[in-house]
Amino acid sequence: MSTALVEVSNLNAFYGDAQVLFDVNFRLGEGETIGILGANGAGKSTFMKSLTGLVKVDTNSIRLRGEAIGGNAAGEIVRKGIAMVPEGRRLFPSMSVEENLLMGGFAKRKGKWNLQEIYKLFPILKEKRNQPSTSLSGGQQQQVAIGRALMSNPDILLCDEISLGLAPVVIKDIYDSLPSITADGMTVVVVEQDVNLAQRCSQRLYCFQEGRVALEGKSSELSRDQISEAYFGI
Ligand code: ATP
């Protein structure tokens, strides 16, 4: 098994008094692509937010290369190498495509990703670089959100439901860009509601159910029945 880049141990997360994650254990190896599946409300986004400092959790529950980073400020976590493509894209609506991308480079780390590389990955964004981000199609906006996260040159890219609300052909385009992103060893976590997509793009899968990891295993070895049971609780 590859070296643990991120180790999550007995992670619990709360909104006020309401607990939404219960003793989550999770391991991310260097260079892996992991899929996270689960129904609405299963806790996938909260888990991603815990990893990125947007939900406060115990310091020792998340370790990056052995360093306890749980509850660190979001900006600090970006500088340590974890970037997120948030659910719903969350672009800056008053900014152009290029300005949105540049915002992602605010906490820039060393690495290959810069505007030129993003435009090579998503050529349409170069054509539209001076247009308001809101004038783009949903798929193009998703490309901006991915590009913005890459601009910080993360070691780990977290993608929260990047297929949401997009047409199948557009989803295919987005997922087809993943191999170019992982080619240089980028580690990726993809949250998905689509079992096929998650299984195809990942080496390992975690299924969340009601705030707990209900199933974990190699994507190629998990059966549909196992996944359905963990996903829907049936
Ligand atoms: P979805 O696919 O719908 O995004 P999810 O698996 O990502 O679902 P979360 O968004 O993590 O699930 O939500 C987990 C639980 O936490 C749900 O019961 C949800 O209602 C609750 N929750 C999420 N965000 C908040 C919040 N800001 N305040 C209070 N409760 C919240």
Round to the nearest 0.05 the FRET efficiency obtained for residue 92 and residue 120 when R0 = 22 Å and r is the Cβ-Cβ distance. 0.45
To the nearest 10 square angstrom, what accessible area does residue 92 show with a 1.4 Å probe? 80 Å²
Lys and Arg at +1, Asp and Glu at -1: add these up for the other residues within a Cβ distance under 14 Å of residue 120 and post the number. 0
Each residue of the range 143-148 in turn: what ³J(HN,Hα) in whole Hz from Karplus with 6.51, -1.76, 1.60 and θ = phi - 60°, glycine and Pro shown as x? 4, 5, 5, 5, x, 4
Distance between the C-alpha centers of the range 66-122 and the range 158-226? Whole Å please. 20 Å
Debye, to nearest 20: dipole size of the chain, +1 on Lys, Arg Cβ, -1 on Asp, Glu Cβ: 720 debye
Counting Lys and Arg as +1 and Asp and Glu as -1, what is the net charge of the other residues whose Cβ lies under 14 Å from the Cβ of residue 19? -2
Once phi for every residue in the range 5-16 is put through the Karplus expression 6.51 cos²θ - 1.76 cosθ + 1.60 (θ = phi - 60°), the whole-Hz ³J(HN,Hα) values, with Gly and Pro written as x, are 8, 10, 10, 10, 10, 6, 7, 10, 9, 9, 10, x
What whole-number value in Å² describes the accessible area per residue of the range 4-232 for a 1.4 Å probe? 45 Å²
Computed ³J(HN,Hα) along the range 149-157: with the Karplus parameters 6.51/-1.76/1.60, θ = phi - 60°, integer Hz and x for glycine or proline, the list is 5, 5, 4, 7, 6, x, 8, 10, 10
So, with a 1.4 angstrom probe, what is the percent of accessible area on the chain that is carbon and sulfur? 49 percent
How big is the dipole moment of the range 1-132 about its Cα centre under a simple scheme where the beta carbon of each Lys and Arg is +1, that of each Asp and Glu is -1, and everything else is neutral? Debye, nearest 20, please. 500 debye
Please tell me which of these pairs span more than 29 angstrom C-alpha to C-alpha: 128/172; 56/126; 120/218? 56/126; 120/218
Using a 1.4 angstrom probe on the protein heavy atoms only, line up 44, 49, 120 by accessible area, largest first. 120, 49, 44
Using amide H atoms built in the peptide plane, which far-off residues or other-chain residues are under 5 Å from residue 188 H to H? 32, 33, 34, 157
Projected onto the charge dipole of the chain (+1 at Lys/Arg Cβ, -1 at Asp/Glu Cβ, origin at the Cα centre), which of 86, 105, 203 gives the Cα projection farthest towards the positive end? 105
Please give me the summed charge of the neighbours of residue 214: other residues whose Cβ is under 14 Å from its Cβ, Lys and Arg +1, Asp and Glu -1. -3
Name the most mobile residue of 190, 85, 20, meaning the one with the largest mean-square fluctuation, in a Gaussian network model of the chain with Cα contacts below 10 Å. 20
Which pairs in the list 80/112; 44/108; 49/80; 80/110 are over 18 Å apart, alpha-carbon to alpha-carbon? 44/108
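The values are calculated or read from the model by the stated rules, or taken from the named source; none is laboratory data. These figures come from a predicted structure and were not determined experimentally. Ideal geometry is used to build each Cβ from the backbone, glycine not excepted, and the neighbour counts take in all protein chains shown. Heads up: the accessible areas ignore ligands, DNA and RNA and are worked out on the full protein's heavy atoms, side chains in. Shrake-Rupley method; radii C 1.70, N 1.55, O 1.52, S 1.80 Å.
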